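Quick notes on the structure that follows.
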Amino acid sequence: MREQLNPVRSWAGYVLGMVIEAAYVTVMIAVAALVAWAVMPR
Amino acid sequence: MTGSRKRVAALATIGYYIGRVITGVGLLMLVPITVALLYQEWNTVVDFLVGLAAALIVGYGLVHVCYRAPRKLAWVHGMVAASVSWLVAMAVAALPYWLSGHWGSYLDSMFDIMSGFTTTGLVLVQDLDHLANGLNMWRHLLTYVGGQGMVVLALSFLIREMAGAYTIYVGEGKDERLLPNVRHTAQAIWLVSIVYLVVGTFFQMLAGLWIGQHLDRAFFHGMWVFMGAWSTGGFAPQSSNIQYYHSLLYELVGAVIMIIGSFNFALHWAVWTGNRKEIYRNIEVVSFFVTATLTFAMVALGMSKTGLYSTPLIMLRKGWYQLISGHTTTGFSTIFARQFAKDWTPLALAGMIMAQLIGGSACSTAGGYKGLRVGIVFKALMDEIKKIVSPSSAVIVTKFHHVKDVVLEDRHVRSAALIIILYTVAWLGGTLVATYYGYPFLDAAFETASANGNVGLSIGITAPTMPNLLKVVYIMIMWAGRLEFMSVFAIIGFLVWEVRGR
């Protein structure tokens, strides 16, 4: 079992965390859009 | 203590914790009661009052009868308490469903409750489009609570005894400590979930207002769709699911929430509390990114041949959306169930089945093999190949990153491979049962992968008219999949020990 003790706990940190997670998902959707574009018959 | 006294004490300890969890489930009914009162749905209020009374009688009854039992739980007892809690909770929570008349039988009600608790999303409800708001609140609240875990809920608010806490926490399929104390870990999980509940409901509500919903409807639909997405549950308030909204914006907000919802709570906690690089270093995130891209490539290639999804945007809204919904084990859909069978090619369906089986992250609301295990097995494979091509004297050390760097050991691989094998066996077993009843093999494989991975996408098999035995099989594999099998085997072991003696 992993124990994790993080020193920083603040609302600003939580908000930044959510923004980072949303940014990751945006990159993921962008890659999916590239794949969708690549398979389109031309 | 003598042997028989020990057995009674163990049963009483298990009964005490189950009683606490059932009490918690009963008290949750106060939320749908409030919504039903708000909308003056008096019949629904009565249905829930009966359900609440039943839950409190069972819950407090068990706690009262077992109050003198020792609070310390052995591993097997903790796991039995967790897994039996889910079954008893299913039976109790189904009462308001059954009384409402929207479900054909008590079995159908229990199926939908288990589907909600396990964040699956398969439904047997009839005339969903005219369901009372109170009942819709209950459906989505169950899936929200089930995602975090009922034991996590009880640990956070109802169980103060620490001695038995960790064992039932693990028994529920979550084995990571975000903080050293298990109660604080449970509370951290709830903190993340409740913050996202507020933020996610707000954005989903804005999307609802944008497409012209009234404020109260936008709020409740926003909250319910958030709950379905965050818990990777897949319930939506209308029978046509997310397709009902006909909105790219609504779909996108939901997609972002369901992907974030499929992350490991340890990852959320790390990213939120300062360890920002974890978002791209974590083995599960990498694994998810790779498998989601590869399986989507299968779906896109499979569908591009048909010419049905003729632009990249349509491919995203129809192909990627179903794929990511399946991979995160959510189960939202923007197409009708039978379109999978009639329009989708075998290659696209194979991509969907693989994605549904792989699933989201460990210690998240998602189901499936989990990215962590897939990543570990892949690393182990690479490790083996390195060993083969290296000189026999070379020492190969492989690491994986999950919150911190961990040296890959045989015990990690053994545990990951074992769970993957168990999932696969359960999937094959369920597929065979469905095939026995005459469903085509590919349809059966799709639907069973959906039930086993707690996804909720349907190809059309799940319906009130499906055979009762298949309903029971799907209930069992949803339950076993959500608890990751070990707790279920603990029940069998416990019963065998009780009969034969240790």
(message) Can you compute the equivalent ellipsoid semi-axes for the protein assembly as shown, i.e. the square root of 5 times each eigenvalue of the Cα gyration tensor, sorted largest first and rounded to whole Å?
(response) 33, 30, 24
(request) Give the long-range amide H neighbours of residue B:458: residues separated by 5 or more places, or on another chain, with amide H under 5 Å away, using H modelled in the peptide plane at 1.01 Å from N. (result) none
(request) Provide the per-residue ³J(HN,Hα) series for segment B:179-184, in order, calculated from phi with Karplus coefficients 6.51, -1.76, 1.60 and θ = phi - 60°, each as a whole number of Hz, with x at glycine and proline positions. (result) 10, x, 8, 5, 5, 5
(request) Taking amide H positions as placed in the peptide plane 1.01 Å from N, state which residues far from residue B:118 in sequence (5 or more) or on other chains have amide H under 5 Å from it. (result) none
(request) Could you compute the FRET efficiency for residue B:276 and residue B:187, with r as their C-beta to C-beta distance and R0 at 30 Å, rounded to 0.05? (result) 0.85
(request) Could you give the size of the charge dipole of chain B about its Cα centre, using +1 on the Cβ of each K and R and -1 on the Cβ of each D and E, expressed in debye and rounded to the nearest 20? (result) 1400
(message) Give the average, rounded to an integer, of partner chain Cβ atoms located within 10 angstrom of each Cβ in B:272-283.
(response) 4
(message) Using the Cα centre of chain B as origin and beta-carbon charges of +1 (Lys, Arg) and -1 (Asp, Glu), tell me which of B:330, B:234, B:153 is placed farthest towards the positive end of the dipole.
(response) B:153
(request) Over the whole of B:263-271, what's the average partner chain Cβ count within 10 Å per residue? Rounded to a whole number, please. (result) 3
(request) Select from segment B:410-478 those chymotrypsin sites (Phe, Trp or Tyr not before Pro) which occupy a DSSP coil region and have at most 11 other Cβ atoms within 10 Å, ordered by residue number. (result) none
(message) P(r) for segment B:19-172, please, calculated from all Cα pair distances in 5 Å bins and given in %.
(response) 2, 10, 19, 23, 19, 13, 8, 5, 2, 0
(request) For segment B:25-30, just list the computed ³J(HN,Hα) in residue order, Karplus coefficients 6.51, -1.76 and 1.60, θ = phi - 60°, integers in Hz, with x standing in for Gly and Pro. (result) 4, x, 5, 4, 5, 4
(message) Need one value for B:243-256: mean number of C-beta atoms belonging to other chains within 10 Å of its residues' C-beta atoms.
(response) 1
(request) Specify which residue in the list B:33, B:225, B:12 is farthest towards the positive end of the charge dipole of the protein assembly as shown, using unit charges on the beta carbon of Lys, Arg (+1) and Asp, Glu (-1), about the Cα centre. (result) B:12
(message) Suppose each label sits 7 Å from its Cα in the direction of the beta carbon; what would the residue B:38-residue B:209 distance come out to in nanometres?
(response) 1.6
(request) Mind putting a number on the dipole of segment B:281-347 about its Cα centre? Charges go on the C-beta only, +1 for Lys and Arg and -1 for Asp and Glu, and I need it in Debye to the nearest 20. (result) 140
(message) Once R0 is set to 35 Å, what does the formula 1/(1 + (r/R0)^6) return for the Cβ-Cβ distance between residue B:305 and residue B:31, expressed as a FRET efficiency to the nearest 0.05?
(response) 0.15
(message) Can you tell me the length gained on complete extension of the stretch residue B:290 to residue B:339, counting 0.36 nm per residue apart and subtracting the Cα distance?
(response) 15.0 nm
(request) For residue A:38 and residue A:15, calculate 0.36 nm times their separation in residues minus their Cα-Cα distance, and state this gained length in nm to one decimal. (result) 4.8 nm
(request) Could you line up B:202, B:485, B:332 from fewest to most neighbouring Cβ atoms inside 10 Å? (result) B:202, B:485, B:332
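Using a 10 Å Cβ count of at most 15 others and DSSP loop calls, identify the longest part of chain B lacking such GluC sites (Glu not before Pro).
B:162-408
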(message) For segment B:63-161, which trypsin sites (Lys or Arg not before Pro) pass both filters: DSSP loop (anything but H, G, I, E, B) and at most 11 other C-beta atoms within 10 Å?
(response) B:68, B:160
(message) Nearest 500 deg cm²/dmol is fine: what mean residue ellipticity at 222 nm does the protein assembly as shown get from its DSSP H runs of n ≥ 4 alone, each adding -39,500 (n - 2.57), divided by its residue count?
(response) -22000 deg cm²/dmol
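Based on Cβ point charges of +1 for Lys and Arg and -1 for Asp and Glu, what charge dipole magnitude is obtained for segment B:370-461 about its Cα centre, in debye rounded to the nearest 20?
Dipole size: approximately 360 debye.
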(request) Find the relative contact order for chain B and round it to a whole percent, using C-alpha pairs within less than 8 Å whose residues are 6+ positions apart. (result) 17
(message) Please compute the modelled spin-label separation between residue B:74 and residue B:390, points set 7 Å along Cα→Cβ, answer in nm with one decimal.
(response) 4.2
(request) Starting from the Cα of residue B:497, step 7 Å along the direction of its Cβ; do the same at residue B:441; then give the gap between the two resulting points in nm. (result) 4.1
(request) Report, by chain and number, residues whose modeled amide H sits under 5 Å from the one on residue B:453, excluding near sequence neighbours (fewer than 5 apart, same chain). (result) none
(request) Using a/c under 1.5 as the rounded threshold, could you call segment B:405-481 rounded, prolate or oblate? The axes a ≥ b ≥ c are square roots of the C-alpha gyration tensor eigenvalues, and prolate needs a/b larger than b/c, oblate otherwise. (result) prolate
(request) May I ask you to compute the full-extension gain from residue B:91 to residue B:411, defined as 0.36 nm times their residue separation minus their alpha-carbon distance, rounded to one decimal in nm? (result) 111.5 nm
(request) Among B:46, B:93, B:23, flag the residue with its Cα farthest along the positive direction of the charge dipole of segment B:1-98, charges on Cβ as +1 for Lys/Arg and -1 for Asp/Glu. (result) B:23
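Laboratory data are not the source of any read-out in this text; all were calculated from the coordinates shown. What you are looking at is a predicted structure, and each value in this text was computed from that prediction instead of being measured. Methodologically, a virtual Cβ is constructed for each residue, glycine included, from the backbone with ideal geometry; neighbour enumeration extends over all protein chains shown.
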